[in-house]
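The values are calculated or read from the model by the stated rules, or taken from the named source; none is laboratory data. These numbers come from a predicted model, not from an experiment. Neighbour counts run over all protein chains shown; Cβ positions are idealised from the backbone, glycine included.
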């Protein structure tokens, strides 16, 4: 008798969650990368949207402001894309309510990246978004 109740609960929860999950392939981003865009398949699970872009061709993001300008955008179902400022050192920080977000990193000089961020209080403490960026091709 419990099995049908559990299956019905899982089905209802799946349908409810599906409505809140954005379809990242249909997002109209405000910035289009001029280079290829790489998918990041595994979602980042974090308590807060914060992290760092790290170029693979050097140890740290170039400290000169504007040396490698990047745009970090997030999109949640039911809203438009929001630009998250990227500091000159490649770091970013954005308060967002719990939910599932699509993201895109774009730059005129670097390859672009797209993926999913899940913001939840149950994420491990100190979890962050960390993306290794390659030069544009």
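Here residue 120 does not fit the description of being in contact with a helix residue (DSSP H, G or I) (Cβ under 9 Å, 6 or more places away or on another chain) and in contact (Cβ under 8 Å) with a residue 60 or more places away in the chain.
Only one entry of 118, 129 meets the criterion of being surrounded by 19 or more Cβ atoms within 10 Å (Cβ to Cβ) and touching a strand residue (DSSP E or B) at 6+ places or on another chain (Cβ under 8 Å), and that entry is 129.
If you go through the range 113-137, how many residues are modelled with pLDDT of 85 or more and more than 11 Å from the chain's Cα centre (by Cα)? First the steps, then the outcome.
Taking the range 113-137 first, the residues modelled with pLDDT of 85 or more are 113-131.
Now narrow it down to the ones that are more than 11 Å from the chain's Cα centre (by Cα): 120-127.
Residues that pass the stated criteria total 8.
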